[in-house]
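Working notes for the structure below.
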Amino acid sequence: PAVDSPLSVRAVTSQGVHSLTLDDAEALLSQLAEGDPAAQAWAALGLGILGDPRATEPLLTHLAGDNAQVGFAAARALGRLGDAAALPSLLAFQVSADGMVRVRATLALDLLHTRAAAPTLPQVAAVN
């Protein structure tokens with residue numbers, strides 16, 4: 001018999017992205033907290049897609065964690081999430097003694113900046 005894939009894996013595949021709902025956030029938060037690293041990474045990406053601000057603190061924790069796969073997924077999710085509450089921590093992470101944490105924080109900040117600038121791009125194009 002086929003084994004059902006975890007919600008987080010289904011959530012971020014091309015078939016499942018559009019079917020994510022805020023009801024899925026609890027399951028994804030649980031997988032982020034207790035799953036194996038692959039499940040945690042997928043859960044982080046799913047939470048970023050959902051945009052649930054409850055994910056901000058756990059994602060920040062994982063961004064600074066030891067697992068590179070989960071840390072980079074958390075950085076991408078934080079960038080997509082767009083929660084301004086993450087800014088102080090991300091800025092602090094940019095001066096971390098851990099070079100990988102600095103890189104991840106920079107990635108998240110870059111994605112946040114790009115996301116914030118996106119609504120103004122059509123206006124800029126209209127002027128030029």
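The values are calculated or read from the model by the stated rules, or taken from the named source; none is laboratory data. What you see is a predicted model; the values in this text were computed from it and never measured. Using ideal geometry, Cβ is built from the backbone for each residue, glycine included, and neighbour counts are taken over all protein chains shown. Ligands, DNA and RNA are stripped out before the accessible areas are found, and what is left, the full protein with its side chains, is counted by its heavy atoms. Shrake-Rupley method; radii C 1.70, N 1.55, O 1.52, S 1.80 Å.
Observations on the structure shown:
- Taking (1) assigned to a helix (DSSP H, G or I); (2) modelled with pLDDT of 90 or more; (3) more than 29 Å from residue 23 (Cβ to Cβ) in turn, residue 71 satisfies each apart from (3).
- Matching residues, region 69-83, being within 8 Å of the chain's Cα centre (by Cα), buried (at least 24 other Cβ atoms within 10 Å of the Cβ) and of a type in the set (Gly, Ala, Ser): 73, 74, 75, 77
- In this structure, residue 103 does not satisfy being at pLDDT 90 or above, assigned to a loop (DSSP other than H, G, I, E, B), open to solvent by 30 Å² or more (accessible area, probe 1.4 Å) and aliphatic (A, V, I, L, M).
- Residues that are open to solvent by 50 Å² or more (accessible area, probe 1.4 Å) and either closer than 16 Å to residue 111 by Cα or charged (D, E, K, R) (or both), drawn from region 28-48: 34, 36
- Count of residues meeting criterion [assigned to a helix (DSSP H, G or I) and either under 15 Å from residue 57 (Cα atoms) or touching a residue at least 40 places away in the same chain (Cβ under 8 Å) (or both)] in region 74-100: 18
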